[in-house]
Every structure is written in C-alpha cells, then in structure tokens.
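Structure record follows, encoded as structure tokens.
The values are calculated or read from the model by the stated rules, or taken from the named source; none is laboratory data. As the structure is a prediction and not an experimental result, all values here were calculated from the model. Glycine gets a Cβ as well: all are built from the backbone with ideal geometry, and neighbour counts include every protein chain shown.
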C-alpha cells in the first residue's frame, strides 16, 4: 500500500500525528508513506489555499497513491475538484483533530466580530461530504461535531439535506491520536510538596484561567505545591500566564517550552499531578503523554476526558477538586499505575495497527 499523508498545518498535535504515522506505520505493515506538509501558521489561509497547493503537487507527481489521509485543515471538496483526472478516484480519509463549528473562537478575532467565522465551519461540513471516510480523534469529538452540524444547518435558508449529519455519521469512525510507547514507571510517592504540571499550548482554549483559579483554590486551602510550566508558546500569550507566573513565582521549578524531547520527558518524570480544565479538548494528547509517565491527572468533567479517562480522575467543581487532590495523595501509587495503564491503549504501535486495518478495508471497498 502506498499512503499519501498530507498535513496542511504541520505543528503541534497535527505534526505529532503526522510524524507518528510516518514513523510507526511502515514498522507494522508493508506500507510506503509519502508525506506532504505546509508550515503550521496562517491557519485560515491554510484552509483556503492548501487544496490548490497540494493538488498541484499531485499533478507534478503523476502516478497517484493508493489512498490519501489528510486533516481537518484541508478543504477536501476543493482539493478533490482540483486534482488531475487520474487522482480523483483515490480514496480520501479526513482526520479531525478539531473542527471550526465547535472550536471556541477568540472573541477579539476581527472575522468573529464581523460574523465572518461561519465559512470555516461550513468548509468542514463540505469536506466531510467530499471525503470517503472521516476519522475523529475521540467519540466526544464525533458527537459534538455531528450535533453542531444540525444546529448550523438550521440557521441556513434551505436546500441543506445533502449536508445533514447522518450523511457524515455513516462514514465516520473514531481513531485516537497516538503517543510514544513508554516503559511502566517505577512506583513513587509524590514529592514534597507535590509538583503540578502544565504541558499544553499557552493559549486561551486550553483553560489557563481555570488553571490559575484551581491553583488559587489549593493555595487558599493551605496546600503547598511546585509548578512545571511547559508546552508550546506562540507570539501572543494570554495575559493570565503573566499573572500566574507573578502570583506563584516561588513555586515554579521550570517555565518555558521544552527545547528537546529528552528535556520534555525529564519534566514529565519530575511531575506528580497534571491539573486541567480546558475550554475545549477533543482528545487530550498532553494529558495522555503525562499519564504514560505515571503522572496522576486531576481533570474537570466534560470535554473529551469523560470518553476515555477513568472516573476516579475527574472532578465536578472546586471543592471536588480539593477532595480529589487529597485522595490522590493518599492513593498515589495505585493512581499512578492506573494512569499508565490507561495510556497504553494510545501507544503508537496499537494505533497504527488500527489505522492500517481501516485503510486496507477502504481500499478494498473502492
């Protein structure tokens, strides 16, 4: 099988997904993986312009691949229409890391203020119809997207039957993100005081305001802790991070993006808990990576976490979070082991075996 893997927005979890498939899929199957990417910036133009860019590459290559796997940043309808004739029957799978119907747009975005943000959600819907299969990174993501489709269509003037969610659901599957395999961590007790990890993007949708609120709650209850603050940063960082660093500067053991994989793993291994309440989370790869190193999660209910995280790691409100903190400390070794065991299902060799099976079935049907 010859797979063409196209990633129009090659950064963050999108790049992690692409690199993992490129590396691990040939190890479990006789698959040639060709990778085409564009840098992860200017996301709106990527959604508009990448279709023409990659269709032109296909025209230059000549002979088509057996199957194409791309992401939600691709306008598949435009891409398929622009492909040269010999490529147009190649099956296309679209993988949804996130979507523009339910992603929380920044309220200050000029297009949001002008009401022009809806075109990207419709692009996602139309792409689903043009793709042969749609893969979502969690059952939660699949559910919220399909529900949002119906709400979106209800606002349109008519002739929307072709875009109904059932036309999307019938060719949808859940295929999780993968993480690097890890050895079972050695049993340990939390450090004194325990270390709390932030390893998410430094952006508003990852919930830095809630993170600061939870830290203030723990501090108010007389709970001492240390902090490791890593994760990818961009040119514009929400102001809350400055407040967080100023308020808890005496607790901080590390701040800033890890400069290498080795440094990142060392930071994970130095952490005891990961505390998170995102505005949106469609899977939670940073949490899965931390759990694979035995870090114990304290996660707010809602979002994707309820679809794969054991209930013993989920809290409802501030008081429940404090209760869970004490419970985790008392049962730390047991909870750390459960965290690791939960993460194992997302190790790349297992994930790419599922990907391989689904790709072969789709080729056989085509």
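Listed values, structure above:
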| quantity | calculated |
| --- | --- |
| Residues of the stretch 311-327 satisfying the condition of being in contact (Cβ under 8 Å) with a residue 60 or more places away in the chain and either over 21 Å from residue 210 (Cβ atoms) or surrounded by 19 or more Cβ atoms within 10 Å (Cβ to Cβ) (or both) | 321, 325 |
| Residue in the stretch 152-166 that is buried (at least 16 other Cβ atoms within 10 Å of the Cβ), at pLDDT below 95 and closer than 21 Å to residue 79 by Cα present | yes |
| Lone qualifier among 355, 285 - being in the same structural domain as residue 31 (by TED's automatic domain parsing), buried (at least 22 other Cβ atoms within 10 Å of the Cβ) and within 19 Å of residue 13 (Cβ to Cβ) | 355 |
| Residue pairs meeting the criteria (Cβ under 7 Å; at least 6 apart or on separate chains; first under 24 Å from residue 135 (Cβ atoms), in the stretch 146-172; second at pLDDT 90 or above and surrounded by fewer than 16 Cβ atoms within 10 Å (Cβ to Cβ)) | 146/169; 162/129; 163/129; 165/150; 167/129 |
| Answer residue from the stretch 237-266, given it is exposed (fewer than 10 other Cβ atoms within 10 Å of the Cβ) and under 21 Å from the mean Cα position of the chain (by Cα) and is modelled with the lowest pLDDT among those | 259 |
| Helices (runs of 4 or more DSSP H) fully within the stretch 24-113 counting 3 or more residues that are more than 23 Å from residue 355 (Cα to Cα) and free of Cβ contacts under 8 Å to residues at least 24 places away in the same chain | 43-61, 110-113 |
| Which numbered condition residue 308 misses (of (1) closer than 20 Å to residue 218 by Cβ; (2) touching a residue at least 60 places away in the same chain (Cβ under 8 Å)) | (1) |
